[in-house]
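These notes are about the structure you will find just below.
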Amino acid sequence: MITILFFGNLGDIFPTMEISLPPSVITIEDLTLWLSENMFISEKTLLKKGNRISINKNIITGNVSLKDGDEIAFMSPLSGG
């Protein structure tokens, strides 16, 4: 099972999820595709320029492998002053 968190504007739209993924979901790319097909969360929204993705509180770039117990966070830029 993995935990998926959403922060910033994404957190206003999507809830935190704890889900068991099918064996075919082994990378971040697989996850974003699976979310778009099964949870109706647009890949375009998740991967919008400026958004960041972290695994276990470490910002990642590229297509990183996932493992059971990971915490994935999708973060959109915050605004404020």
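At full extension, ASP70 and GLU43 could sit 7.7 nm farther apart than now, given 0.36 nm per residue minus the alpha carbon distance. Taking the longest Cα principal axis of the chain as reference, the axis of helix 28-38 is set at about 90 degrees.
Relative contact order for the range 2-75: 43 percent, from Cα pairs under 8 Å spaced at least 6 residues apart, divided by residue count. The C-alpha radius of gyration of the chain, expressed as a fraction of 2.2 N^0.38 Å, stands at 1.02.
Sorting the segments 3-14, 62-73 by their residues' average number of neighbouring beta-carbon atoms within 10 angstrom, most packed first, yields 3-14, 62-73.
We did not get these values from a lab; they are worked out from the coordinates using the rules stated. Worth saying up front: this structure is predicted, and the values here are computed from it rather than measured. Cβ coordinates were reconstructed from backbone atoms using ideal geometry, including for glycine residues, and neighbour counts include every protein chain displayed.
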